[in-house]
Amino acid sequence: MHTRGLPLKKLGLVIGDWRDLERLFKYLKDSGYRIIGPKVDGNVIKLKELKSLREFPKQISDHQAPGYYRLEEGDFFRNGDDSPKKYLFPPKMEIFKVNRDLSISFREIEKVKIAFFGIKSCDTASITIMDKVLGERGDSFYKHFRKELFIVTENCIKPGENCFCSSMGTGPRVQSGFDISFTRIDGKILFEAGSERGVKILEKLKLPHANAKLKKKFIEVLEKAAEKAKANFEKRFLAEKLELAIESPIWKELAEKCLGCGNCTMVCPTCFCFDIYDEVFLDEYSKRVRYWDSCFTYKHAEVAGGHFRPELWARYRQWLLHKFSYWKRQFDMLGCVGCGRCITWCPVGIDIRKAVEKVLKWVDENVR
Amino acid sequence: MNIKLAVFKFASCDGCQLQILNMEDEILQLTGKIEIAYFMEATSRKLEEPYDIALVEGSISTKWQEKHIEKIRANSKYLIAIGACATAGGIQALRNWSKNEDYSKKVYPKPEWIDTLAESKPISDYVNVDYEVRGCPVNKDQLLWILSQLIIGKEPFTPTHSLCIQCKIEGNTCIMVADGKPCLGPITMAGCGALCPKYNRGCYGCFGPMDASQAEKLAEHFINMGMSKREVTLMFKGFTSWSKPFRKVVSKYGGDED
């Protein structure tokens, strides 16, 4: 599935080099886009505004393992602790102000065209998920930021240790939800368009078509990458199978190390819980502010007169089953893109792949 | 009518009260809405009881204080404990693991003059506390936030989740994952502004345990990371060591150590 081409105007794969990527970057910049892409920030790669493609971490690699992240010299990086979510669904955002005379001023939203440049396939898929979760459900802020979004995806030729996009069907080759993709192969850059406007821009770059040999290499490299980015489970019937374990005692075991800190949900590119606070400024106004929230916090499922999930294992179960199971009924897709961030950024290194495997094993052994 | 605010001090360093004076610009928001009824660090003028809001700094560590806090409680509509001493027993609660006499003999020429309780304990161990503002010292913005909410007649609210959530919202990189440094953030309550991790230093838990804090599990993880029991004990044996979750860790890994 990951080698399926895109039939748009039969443009297919075109070939260029790093300078052509710079031309694409400049074209988008000159067209008024604020370009957001990966950039080294201290000891991590973050998604930040790129003024020039020189800021793109070309010679950097991120070594990721459960609860472990280090940057080192290399030729390919995966991702950092933030994701496109940060821009489409900001971590803290004023919604409106209530003035002293009780009039309400809505926040002026900055008119800005964002282009994500060099995000990976998993993160591109996360935007498709967020479109469904926040966009289709009418989050006007999300829609505002999303409206003019341009997406340039880098196909992932070297997935990391925590990556499992291949099992989630979201990578390593980008399938949909992008405008232009690029792939670093043998010192060349292969471009592909994923949308009509992507085709138009690529045509402007006037690049030659890739020959059969290079196309073969392209497929080989991405198939190899796909093999690497696999977890030991299949996406097929995953939602249905996992749900059968809802009453299982295994959740207590799985959450044994969990601290309930919520890091996994913060770094997850599709976790969308938020809370709303009223911040009072005497003599001035009161601000209604939206903050990211997490289903791991004790208060998340606390309601007047009781609590749905007072035990931490129940909160762990809620998170895992929501991502891999309930999401399907809710949004007709799964909530996990296999980017591995929750594994890397868990301070105690809990591996969601292993947790899913264990639940599936429990189902196989206990449910007839 | 103005709200009568009183500020009291028990066993403490005055640092939290000082945060009120440190408000400088922000304190103007409060003038005209509150009246200082008792605040020895700022003015020697006293107003009659009762008080609308009593801010209480410090831990209870003498018999006189036990009685005094009850009187304050009886005379105040809202009692707010401020700072690590008032909410967890403070740094002076380190003595709760040893005998007072041992210290007083070494420190004072006439140790028999020293009259303290065996333990330094938080205000909530003695009286009902309406709200707690954590930290060593408290964060003045959070203190102002709570006062502002009370003044306007809104139920005061502050987050009770982990510091990690605040770090992620602020865009800080996790120093445990990216640097391999131990950090108490995953089990400590947010509210400080994630100051230490912002400067690449592990959280040392001055805000005390968050809701449902998994301090013992984090301590176990530190041991697995290769830290000694003594190192782990010292991490938890700080400003909020007497809070229940931290106390358990200290007792488990080295309660009898100095």
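In sequence order, what are the phi-derived ³J(HN,Hα) couplings for the range B:103-116 according to the Karplus relation 6.51 cos²θ - 1.76 cosθ + 1.60 with θ = phi - 60°, rounded to whole Hz, with x for glycine and proline?
My calculation for the range B:103-116 gives 6, 4, 5, 7, 9, 9, x, 10, x, 5, 6, 7, 10, 10 Hz in order.
What number in nm² do you get for the range A:195-254 if you take the convex hull of its Cα atoms and divide its surface by four? Could the numbers behind the result be given before it?
Details: hull surface 31.5 nm².
Spelled out: convex hull of the Cα atoms, projected over all directions, averaged, 7.9 nm².
Project the alpha carbons of the protein assembly as shown onto their principal axes and report the range along each, largest first, in whole Å.
Computed over the protein assembly as shown, the largest-to-smallest principal extents equal 93, 59, 48 Å.
May I ask for the Rg/Rh ratio of chain B, computed from Cα atoms with Rh as the Kirkwood radius, given to two decimals?
On the way: Rg = 19.1 Å, Rh = 19.3 Å.
Taking Rh as the inverse mean 1/r over Cα pairs, Rg/Rh reads 0.99.
Rounded to the nearest 100 Å², what's the accessible area chains B and A bury against each other, both chains counted, probe 1.4 Å? Intermediate values should be presented prior to the final figure.
Working: alone 13430 and 18220 Å², together 28440 Å².
Chain pair B/A: roughly 3200 Å² of buried accessible area.
Evaluate the range B:121-162: find the radius of gyration of its Cα atoms, find its Kirkwood radius, and give the ratio Rg to Rh.
Details: Rg = 11.4 Å, Rh = 11.5 Å.
Ratio of gyration radius to Kirkwood radius: 0.99.
What does the convex hull of the alpha-carbon atoms of the range A:1-127 project to on average, in nm²? Display every interim value, and only then the final one.
On the way: hull surface 49.5 nm².
Spelled out: convex hull of the Cα atoms, projected over all directions, averaged, 12.4 nm².
Given the options B:S124, B:S59, B:S44, which has the most mean-square fluctuation in a GNM of chain B, springs set between C-alpha atoms less than 10 angstrom apart?
B:S44
Collect residues whose amide H, placed 1.01 Å from N in the peptide plane, falls under 5 Å from the amide H of A:I185; neighbours closer than 5 in sequence don't count.
A:L190
When only alpha-carbon atoms count, how far does the range A:309-356 stretch along each of its three principal axes, as whole angstroms with the largest first?
Per principal axis, max minus min of the Cα coordinates gives 31, 29, 15 Å.
In terms of modelled amide H atoms, which long-range or inter-chain residues lie less than 5 Å from the amide H of B:K9?
Result for B:K9 returns B:E57.
Per the Kirkwood formula on distinct C-alpha pairs, the Rh of the range B:1-87 is how many angstrom? Intermediate values should be presented prior to the final figure.
Working: mean 1/r = 0.0754 Å⁻¹.
Averaging 1/r across every pair of different Cα atoms and inverting gives 13.3 Å.
On the accessible surface of the protein assembly as shown, probed at 1.4 Å, how many percent belong to carbon and sulfur atoms?
On the way: 14670 of 28440 Å².
Answer for the protein assembly as shown: carbon and sulfur cover 52 percent of the accessible area.
Tell me, Kirkwood radius of chain A from alpha-carbon pair distances, in Å? Don't jump to the answer; show the numbers that get you there.
Numbers: mean 1/r = 0.0457 Å⁻¹.
The answer is 21.9 Å.
Once you keep just the Cα pairs under 8 angstrom separated by 6 or more residues, what percentage relative contact order results for the range A:231-306?
Working: 51 pairs, mean separation 18.0, N = 76.
24 percent.
Compute accessible area for the range B:195-230 by itself and then with all protein chains, 1.4 Å probe, and report residues whose area falls by 30 Å² or more.
Buried by the other chains: B:D211, B:A212, B:Q214, B:K217, B:H221.
So how long is each side of the range B:91-222 along the principal axes, counting just the alpha-carbon atoms, biggest first, in Å?
Over the range B:91-222, Cα extents along the principal axes are 53, 45, 25 Å.
What relative contact order, as a whole-number percentage, does chain A give when Cα pairs under 8 Å and 6 or more residues apart are counted?
This gives 22 percent for chain A.
What ³J(HN,Hα) values, in whole Hz, does the Karplus curve 6.51 cos²θ - 1.76 cosθ + 1.60 give for the range A:181-186 when θ = phi - 60°, with x put for Gly and Pro?
Going residue by residue, I get 10, 9, 9, 8, 10, 6 Hz, with x marking Gly and Pro.
Mean separation of Cα pairs under 8 Å and 6+ residues apart, divided by the residue count of the range B:3-151: what relative contact order is that in percent? Let's see the in-between values first.
Numbers: 264 pairs, mean separation 42.2, N = 149.
Computed over the range B:3-151, the figure is 28 percent.
Once the convex hull of the C-alpha atoms of the range A:148-233 is built, how many Å³ does it hold per residue, rounded to a whole number?
Values: hull volume 8.9 nm³, N = 86.
Value for the range A:148-233: 104 Å³ per residue.
As a check on your grasp of the helix formula, calculate [θ] at 222 nm for chain A: sum -39500 (n - 2.57) over DSSP H runs of n ≥ 4, divide by the residue count, round to the nearest 500. Kindly include the intermediate steps, with their values, before the conclusion.
Numbers: 14 runs with 116 residues, N = 368.
That calculation yields -8500 deg cm²/dmol at 222 nm.
Ignoring ligands and nucleic acids, what accessible area does A:K216 show with a 1.4 Å probe (Å², nearest 10)?
Approximately 130 Å² of A:K216 is accessible to the 1.4 Å probe.
Calculate, for the protein assembly as shown, the solvent-accessible area per residue in square angstrom, rolling a 1.4 angstrom probe over the heavy atoms of the protein chains. Each step should come with its number before you reach the end.
Working: 28440 Å² over 626 residues.
I get 45 Å² per residue for the protein assembly as shown.
Rounded to whole Hz and in sequence order, give me ³J(HN,Hα) for the range B:32-44 from the Karplus expression 6.51 cos²θ - 1.76 cosθ + 1.60, θ = phi - 60°, writing x for Gly and Pro.
Taking θ as phi minus 60°, the curve returns x, 10, 10, 10, 6, 9, 7, 6, 4, 6, 10, 8, 8 Hz for the range B:32-44.
Kirkwood hydrodynamic radius of the range A:101-176 from all distinct Cα pairs, in Å? Numbers along the way, then the final one.
Numbers: mean 1/r = 0.0698 Å⁻¹.
Averaging 1/r across every pair of different Cα atoms and inverting gives 14.3 Å.
Residues of the range A:50-70 losing 30 Å² or more of accessible area relative to the isolated chain, 1.4 Å probe, heavy atoms only?
Listed by number, the residues meeting the 30 Å² cut-off are A:R70.
Please compute the Cα-Cα pair-distance distribution of the range B:163-253 with 10 Å bins starting at 0, giving whole percents from short to long.
Result returned by the calculation: 19, 54, 26, 1.
Between A:R368 and A:K224, what is the FRET efficiency for a Förster distance of 35 Å, r being their Cβ-Cβ separation, to the nearest 0.05? Write out the running numbers ahead of the final one.
Values: r = 39 Å, r/R0 = 1.11.
With a Förster radius of 35 Å, E is 0.35.
Can you compute the FRET efficiency between B:E231 and B:Y199 using 1/(1 + (r/R0)^6), with r the Cβ-Cβ distance and R0 = 25 Å? Round to the nearest 0.05.
On the way: r = 21 Å, r/R0 = 0.84.
Step by step, r from the Cβ atoms, then E = 0.75.
Taking chain B as a Gaussian network, where each spring joins two C-alpha atoms under 10 Å apart, which residue of B:I151, B:I72, B:I60 fluctuates the most?
Of B:I151, B:I72, B:I60, the most mobile in the Gaussian network model is B:I151.
So what's the back-of-envelope 222 nm ellipticity for chain B, counting only DSSP H runs of four-plus at -39500 (n - 2.57) apiece and dividing by all residues, rounded to 500?
Working: 12 runs with 98 residues, N = 258.
Helix contribution divided over all residues of chain B: -10500 deg cm²/dmol.
Return the single residue from A:G340, A:G67, A:G187 with maximal mean-square fluctuation; model: Gaussian network over chain A, springs between Cα atoms under 10 Å.
Sorting by GNM fluctuation, first place goes to A:G187.
Strictly greater than 18 Å: what percent of every Cα pair in the range B:3-151 meets that? Before the final figure, lay out each step's value.
Details: 6282 of 11026 pairs.
Result: 57 percent of Cα pairs exceed 18 Å.
The values are calculated or read from the model by the stated rules, or taken from the named source; none is laboratory data. Just so it is clear, the model here is predicted, and its values are computed rather than measured. Here Cβ is always computed from backbone atoms with ideal geometry, including for glycine, and neighbour counts include all displayed protein chains. For accessibility, only protein heavy atoms count, side chains too; no ligands or nucleic acids. Shrake-Rupley method; radii C 1.70, N 1.55, O 1.52, S 1.80 Å.
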